[in-house]
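Working notes for the structure below.
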Amino acid sequence: MNDLPQTTSADFKLILAIVTRARADIEFMAKVDPIDFGLDMEYTHHIIPLDLQQLLDADGGNFAHDVCGIFNHFNRDTRQMDDFFLPRFSKPEPPKLYISVVKMGRLADGHQGGHGVVRHAMDAAIYHGFGSHQKALCATKPGRRSVGFVHDEGVDEITCKQCQHKIEMYGWQLKQ
């Protein structure tokens, strides 16, 4: 049973070219079954998207690093990489998106007591609308009797220092 996502014909041709080059350039790879290694490359490309053209065009050292690393670390049983191997020509993950939110408090008297507003960042994928009780990037969450977080359309500023640090450290981007 083939449980791979469909590989495009262009990607398939690049994988074949990489296998051919590996067998020609790397001595021990000439003894490796090209079909098995081609499948390993294909699985790797689906679990860790690779820039196949850059890998094919890479200098000898970088090419050997990725090819030998995939050969040595791809586990056919789990279909994952062992030992946290990451090929150099893997494509970066797309940046995660955040939105600006504020805690609303209980709203018992119609305002928040005049203590100022701290604007947090929240993963846009988990924000469920007014009254969301998910955690902000800084791991703060509304109290149990709070209305929850609310997104204020048009206000993008983040004032929470810990949220700002996480945005900078992990490369999050504001959802437009």
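The values are calculated or read from the model by the stated rules, or taken from the named source; none is laboratory data. Just so we're clear, the structure is a prediction, and the values are computed from it rather than from any experiment. Heads up, the Cβs are rebuilt from the backbone with ideal geometry, glycines too, and the neighbour counts pull from every protein chain shown.
Name the one entry in 64, 108 that is at pLDDT below 90 and either small (Gly, Ala, Ser) or more than 20 Å from the chain's Cα centre (by Cα) (or both). Of 64, 108, the one residue that is at pLDDT below 90 and either small (Gly, Ala, Ser) or more than 20 Å from the chain's Cα centre (by Cα) (or both) is 108.
Which one is modelled with the lowest pLDDT among residues in segment 81-105 that are closer than 30 Å to residue 54 by Cα, in contact with a Leu (Cβ under 8 Å, 6 or more places away or on another chain) and not in a loop (DSSP other than H, G, I, E, B)? Result: 97. Among the residues of segment 29-43, is any assigned to a loop (DSSP other than H, G, I, E, B), touching a Leu at 6+ places or on another chain (Cβ under 9 Å) and exposed (fewer than 13 other Cβ atoms within 10 Å of the Cβ)? Looking for residues that are assigned to a loop (DSSP other than H, G, I, E, B), touching a Leu at 6+ places or on another chain (Cβ under 9 Å) and exposed (fewer than 13 other Cβ atoms within 10 Å of the Cβ), one finds none in segment 29-43, hence no. The single condition among (1) touching a helix residue (DSSP H, G or I) at 6+ places or on another chain (Cβ under 8 Å); (2) within 30 Å of residue 125 (Cα to Cα); (3) not assigned by TED's automatic domain parsing to the domain that holds residue 171 that residue 46 does not satisfy is (1).
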